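Every read-out reported here was derived from the displayed coordinates using simple, explicitly stated rules and does not represent laboratory data. Small disclaimer: the values here were computed from a predicted structure and weren't measured. With ideal geometry, Cβ positions are generated from the backbone for all residues, glycine too; neighbour counts draw on all protein chains shown.
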Amino acid sequence: MEKTINEPTIVINGLKKYFSVSNTFLGRKKQMVKAVDDITLTINRGEIVGLVGESGSGKTTLARVILNLTRPTEGSVMINGIDMMHATKDEEKQLRSEVAVVFQDPASNLNPRQTVASSIMRPMILHGKGKTEAMKKAEDALDMVKMDRRYLNSYPHQLSGGQLQRIAIARALVLQPKIMILDEPTSALDISVQAQILNLLLDLQENMGLTYLVITHDLNVIRYISDRIAVMYLGKLVEFGPTDEIIGNSKHPYTNGLMAASPILDPKFRGQKKELMGGDPGSLIDLPKGCRFSSRCSKVTEHCKNTLPGNYKITSNHQVSCFMYEKELPKLIY
Ligand SMILES: Nc1ncnc2c1ncn2[C@@H]1O[C@H](COP(=O)(O)OP(=O)(O)OP(=O)(O)O)[C@@H](O)[C@H]1O
Ligand SMILES: [Mg+2]
């Protein structure tokens, strides 16, 4: 499924998003939650990148920064050549129509007091389209997500989870985006409906040449849909590479643990003994000095505990952040 064109569309450089939290209960001073901590990655046009990582590893925060819903602490995000941090009002408006989002909870994507038609039309009206044109486009959007137009008069509570998610996708499509950020788009859905939504997303992506960043905990979903997989651990990007390599030949001990923990529905792997990851997920506040994964890693050395690893290049599109590869692979300099 790998695409041939390598035209960068999302370029993230040294991105950090820290939250300041105060722990008044213990009388401590303010502390930093390093939700996204120095992430550099590029997503190409027409590519589907899956983003995985344990709960709290910073995936949604990264998505929110890309969507300009929150400002980064440091670093830059360029989308289709526009530097988000220095965008003019017009460029910001352009980005709002070029980058669409679908969240996990189908209901949270839509206003409960508005009909489906009003919800789908709203972003177009905000972008200056007339009512008649907006209605026509809303009808077209329902066709695209293979739903009957009669649902335009429905309210969210009258629809099923799968139908709501189709409507959320229709709403995301009306401004003709180039990029879609999908944060757990199918995890609230029944497994058969999940497959329908994933196939719908794949059809739309192919027909419209969209770029997707898909966040999910479900490795089967990510394996089915992505060209490349990015793996986050406590705010860091630990591995990024082609789906087949990440699934079948992952390099980072955390990715290995994640793969082992997932019940991949493939008879090929049945009966193989899994080396499961030990320890609890770490905290973003009391981070180790060195590698974030060092406290749980079976391959840990003193060096890992004290120094942050760089990113090492396995192939032109596969990188890993682990000292095990320091000697044999070139270091990526950003
Ligand atoms: N507005 C905020 N203020 C303070 N801390 C925040 C804020 N938003 C997120 N965080 C913290 O940042 C960390 C990363 O959160 P984030 O929602 O990005 O994780 P995630 O990888 O999306 O997790 P999940 O898989 O559970 O959705 C968490 O520790 C969270 O508590
Ligand atoms: Mg999240």
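What does the net charge come to around ASN80 if you take all other residues with beta carbon closer than 12 Å to its beta carbon, with K and R at +1 and D and E at -1?
Around ASN80, the surrounding residues sum to -2.
Ignoring everything except DSSP H segments at least 4 long, calculate the 222 nm mean residue ellipticity for the chain; use -39,500 (n - 2.57) per segment, divide by total residues, nearest 500.
Dividing the helical sum by the residues of the chain leaves -9000 deg cm²/dmol.
Taking the Cβ of MET232 as the centre, find all other residues whose Cβ is under 11 Å away and add up their charges (Lys, Arg: +1; Asp, Glu: -1).
In short, 0.
Of SER55, ASN44, VAL33, whose Cα points farthest to the positive end of the dipole of region 8-325 (charges on the beta-carbon: +1 Lys, Arg; -1 Asp, Glu; origin at the Cα centre)?
Value computed over the given set: VAL33.
Quick one: net charge of VAL174's neighbours, Cβ under 10 Å, K/R +1, D/E -1?
Net charge in that neighbourhood comes out at +3.
Using the Karplus curve 6.51 cos²θ - 1.76 cosθ + 1.60 with θ = phi - 60°, what ³J(HN,Hα) values do you get for each residue of region 52-64, in whole Hz, with x for Gly and Pro?
Result, ordered by residue: 10, x, 4, 4, x, 7, x, 5, 5, 4, 4, 4, 5 Hz.
With unit charges on the beta carbons (Lys and Arg positive, Asp and Glu negative) and the dipole taken about the Cα centre of region 288-334, which residue among SER316, GLY290, PRO330 sits farthest to the positive side?
The residue sitting farthest along the positive end of the dipole is GLY290.
Based on Cβ point charges of +1 for Lys and Arg and -1 for Asp and Glu, what charge dipole magnitude is obtained for region 201-259 about its Cα centre, in debye rounded to the nearest 20?
Charge dipole, region 201-259, about its Cα centre: 280 debye, nearest 20.
Run down the aspartates and glutamates and flag those whose C-alpha is under 14 Å from the C-alpha of LYS313, throwing out any fewer than 8 positions away in its chain.
Output for LYS313: GLU239, GLU245, GLU326, GLU328.
Output ³J(HN,Hα) for region 226-238: one whole-Hz value per residue in order, computed from phi by the Karplus curve 6.51 cos²θ - 1.76 cosθ + 1.60 with θ = phi - 60°, and x for Gly and Pro.
Karplus-based 3J(HN,Hα) across region 226-238 equals 8, 7, 10, 10, 10, 10, 10, 9, 6, x, 10, 8, 9 Hz.
For ILE314, what residues show an amide H to amide H distance below 5 Å, using hydrogens built from the backbone and excluding near sequence neighbours?
Answer set, sorted by chain and number: GLN319, VAL320.
Using a Gaussian network model of the chain whose springs link C-alpha atoms within less than 10 Å, name the residue from LEU201, LEU258, LEU287 with the highest mean-square fluctuation.
Most flexible of the set in this elastic network: LEU287.
Set the Förster distance to 45 Å, then compute FRET efficiency between GLN176 and GLU302 from the Cβ-Cβ distance, nearest 0.05.
Here the calculated transfer efficiency is 0.25.
Rounded to the nearest 20 debye, what is the charge dipole size of region 1-145 about its Cα centre when +1 sits on each Lys and Arg Cβ and -1 on each Asp and Glu Cβ?
760
Determine ³J(HN,Hα), in whole Hz, for all residues of region 217-225 in sequence, where each value follows from phi through the Karplus function 6.51 cos²θ - 1.76 cosθ + 1.60 and θ = phi - 60°; x replaces Gly and Pro.
Each residue's phi maps through the Karplus curve to give 7, 8, 5, 5, 5, 5, 5, 6, 9 Hz.
Any idea what the alpha-carbon Rg over 2.2 N^0.38 Å comes to for the chain?
Against the empirical 2.2 N^0.38 Å value, I get 1.04 for the chain.
Computed FRET efficiency, Cβ-Cβ of LEU332 and GLU133, R0 41 Å: what is it to the nearest 0.05?
E(calc), rounded to 0.05, equals 0.30.
Could you tell me which trypsin sites (Lys or Arg not before Pro) in region 27-123 are loop residues by DSSP with no more than 12 other beta carbons within 10 angstrom of their beta carbon?
ARG28, LYS29, LYS30, ARG113
Where nothing but the Cβ of Lys and Arg (+1) and of Asp and Glu (-1) is charged, how large is the charge dipole of the chain around its Cα centre, in debye to the nearest 20?
Dipole magnitude for the chain comes out near 780 debye.
Out of the DSSP beta bridges found with both residues in the chain, what percent are antiparallel (nearest 5)?
So the antiparallel bridges amount to about 65 percent of the total.
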